[in-house]
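The values are calculated or read from the model by the stated rules, or taken from the named source; none is laboratory data. What you see is a predicted model, and the numbers here were worked out from it, not measured in a lab. Glycine also receives a Cβ, built like all others from the backbone with ideal geometry; neighbour counts cover every protein chain displayed.
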Amino acid sequence: MKKITHEQLSDLMKILYYNPDKTGRKKPLLVTASFGVGKSEQIEKTAKDIAKERERTYLNWNETSYEDKLKIIDENLFKDYFILFDIRLASYDATDLRGLPNFSRKWVEWKYPFFVEILQHPESDGIIFFDEFNLGTPLVLSSCYQIFHDKVISDIKINFNWLIIGAGNKSDDYANTIDTPAPLKDRCCEVELTPSTPQNWIKWGIQNKIHPKIIAYISWKGTMLYKVNFESTEKFTTFRGWASLSSYMHLPLKDIKLVAGTVIGEGVASEFMGFLEIENIINLDEIIKKPEILKTITEPGQKYFIISGLAEKYGNNLMTIEQMFAVSTILHENKSAEFVAMLWRLASKMNKTKFRKDFTTKELKNPLRAVFLKYLTDK
């Protein structure tokens, strides 16, 4: 099976979406990957990108109220939206897809599921995403044959605008997966999504506002990003775990420590907490006042902590753009380009409005502005 990166998955989804076959159908896609590597998140991100390209409002069906769903149908608003249907097959049975029989006539008719009303409309558009695909029962997978190949649910034709994607865990991930039937796989493109590199995850994390101290720690110790050992009883460390921990980083250290052990494993959490406790020996406010102090700091872990802490200070309006320039100038003179790059990228995401206003103001005459701008644009 072909192995691809997260970026290649997005590219492939767009190729399949924009290039139907001679019948007008879009080739379905099956994605397998280890758990916690962000396959669902990447599919949703790409759905949002396509919605923007199509100049439609992105809509996650599962996060939409029943009233708003009815409004789309009642007011014929299909052409306004690009919809992601996220269907978890592990919790479905065959009737959830096919519907229920109606015996009001001499023959059997089927009352189809509510979402099919959207799928059949000629102006509707989006992605049907069958998550946990290989955790569905054999009967449910059999019901998918018609959906994937014929674009039919419960005798109702799905319009050809829709791209169908299935995603599931690898068979060696101890997830009790069911082998996908060969005829069904033959109807689809198949890929395996490989775990992201620390560098690529960091780019994703900055874009998605993962807490700067987590970004800084993974920049320092990339091997701690993903640690899975099925022979150990230790909690696994995954991309999902780090993203979850980010939501608790505003709490006191003792609370972060308690949560961290439950989402990234106690071993990794212990090392991460050691990184956070650098705040007990580093005075960030003093560095803001006297950036020359940076010249005396040589320990990499401390440098990464300082950068993340300063970006956080700027985002919380506790550091001015002039002070950012002063710190960056010292780092620049010290030939620490990677730390300048991280500082500016983190700061620009922590408070976009403030940063854009500060960095573009005419009153800012610092000659190094053009030099530091490249740290925001370099890949």
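Which one of these is crowded, with 21+ Cβ neighbours inside 10 Å, closer than 27 Å to ASN229 by Cβ and out of contact with any Pro (no Cβ under 8 Å at 6 or more places or on another chain): THR32, THR5?
Within the list THR32, THR5, the selection yields THR32.
So if I check each of LYS106, LYS151, which one is surrounded by fewer than 16 Cβ atoms within 10 Å (Cβ to Cβ) and in the same structural domain as LYS22 (by TED's automatic domain parsing)?
The conditions single out LYS106.
Which count do you get for residues in the range 58-91 that are touching a residue at least 12 places away in the same chain (Cβ under 8 Å) and of a type in the set (D, E, K, R)?
Total satisfying the criteria: 5.
Taking the range 295-309, which residues are over 23 Å from LYS354 (Cβ atoms) and either among the aliphatic types (A, V, I, L, M) or not assigned by TED's automatic domain parsing to the domain that holds LEU258 (or both)?
Residue satisfying the conditions is ILE297 alone.
Give just the number: which of (1) in contact with a strand residue (DSSP E or B) (Cβ under 7 Å, 6 or more places away or on another chain); (2) crowded, with 18+ Cβ neighbours inside 10 Å does LYS227 not satisfy?
If we test LYS227 against (1) in contact with a strand residue (DSSP E or B) (Cβ under 7 Å, 6 or more places away or on another chain); (2) crowded, with 18+ Cβ neighbours inside 10 Å, just (2) comes out false.
Which one of ASN351, ASN283 is within 27 Å of LEU245 (Cβ to Cβ) and at pLDDT below 90?
ASN351
Of the residues that sit in the range 230-258 and are buried (at least 17 other Cβ atoms within 10 Å of the Cβ) and over 21 Å from the mean Cα position of the chain (by Cα), which one is modelled with the lowest pLDDT?
Looking at residues that are buried (at least 17 other Cβ atoms within 10 Å of the Cβ) and over 21 Å from the mean Cα position of the chain (by Cα), I get LYS235.
When you scan the range 126-141, how many residues do you find that are in a loop (DSSP other than H, G, I, E, B) and either surrounded by fewer than 22 Cβ atoms within 10 Å (Cβ to Cβ) or within 22 Å of the chain's Cα centre (by Cα) (or both)?
Result for the range 126-141: 2.
Between a first residue in the range 310-338 that is over 18 Å from ILE293 (Cβ atoms) and assigned by TED's automatic domain parsing to the domain that holds PHE372 and a second residue that is surrounded by 14 or more Cβ atoms within 10 Å (Cβ to Cβ) and of a type in the set (D, E, K, R), which pairs have beta carbons less than 6 Å apart while being 6 or more apart in sequence or on different chains?
ILE321/ASP358
State all residues of the range 152-170 that are within 20 Å of SER91 (Cβ to Cβ) and either within 23 Å of the chain's Cα centre (by Cα) or modelled with pLDDT under 80 (or both); if no residue qualifies, say none.
Answer for the range 152-170, where residues must be within 20 Å of SER91 (Cβ to Cβ) and either within 23 Å of the chain's Cα centre (by Cα) or modelled with pLDDT under 80 (or both): SER154, ILE164, ILE165, GLY166, ALA167, GLY168, ASN169.
Wholly within the range 181-290, which helices (runs of 4 or more DSSP H) include no fewer than the required count, namely at least 2 residues that are of a type in the set (Val, Ile, Thr) and not assigned by TED's automatic domain parsing to the domain that holds ALA33?
Result: 198-207, 212-220, 253-263, 284-289.
For the range 1-23, which positions are outside any helix (DSSP H, G or I), within 23 Å of SER171 (Cα to Cα) and either in contact with a strand residue (DSSP E or B) (Cβ under 6 Å, 6 or more places away or on another chain) or modelled with pLDDT of 95 or more (or both)?
MET1, LYS2, LYS3, ILE4
Is it the case that some residue within the range 49-59 is basic (Lys, Arg), surrounded by fewer than 17 Cβ atoms within 10 Å (Cβ to Cβ) and under 24 Å from LYS185 (Cβ atoms)?
Looking for residues that are basic (Lys, Arg), surrounded by fewer than 17 Cβ atoms within 10 Å (Cβ to Cβ) and under 24 Å from LYS185 (Cβ atoms), one finds none in the range 49-59, hence no.
Search the range 177-204 for residues that are on the phi < 0 side of the Ramachandran plot and among the small types (Gly, Ala, Ser) and pair each with any residue that is surrounded by fewer than 18 Cβ atoms within 10 Å (Cβ to Cβ) and not in a helix (DSSP H, G or I) when their beta-carbon atoms are under 9 Å apart and the residues are at least 6 apart or on different chains.
SER196/THR5
So which residues in the range 152-179 are in contact with a strand residue (DSSP E or B) (Cβ under 8 Å, 6 or more places away or on another chain) and closer than 26 Å to ILE83 by Cα?
Matches in the range 152-179: SER154, ASP155, ILE158, ASN161, TRP162, LEU163, ILE164, ILE165, GLY166, ALA167, GLY168, ASN169.
State which residue is farthest from GLU55 (Cα to Cα) when the search covers only the range 76-114 and only residues that are over 35 Å from the mean Cα position of the chain (by Cα) and of a type in the set (S, T, N, Q).
SER104
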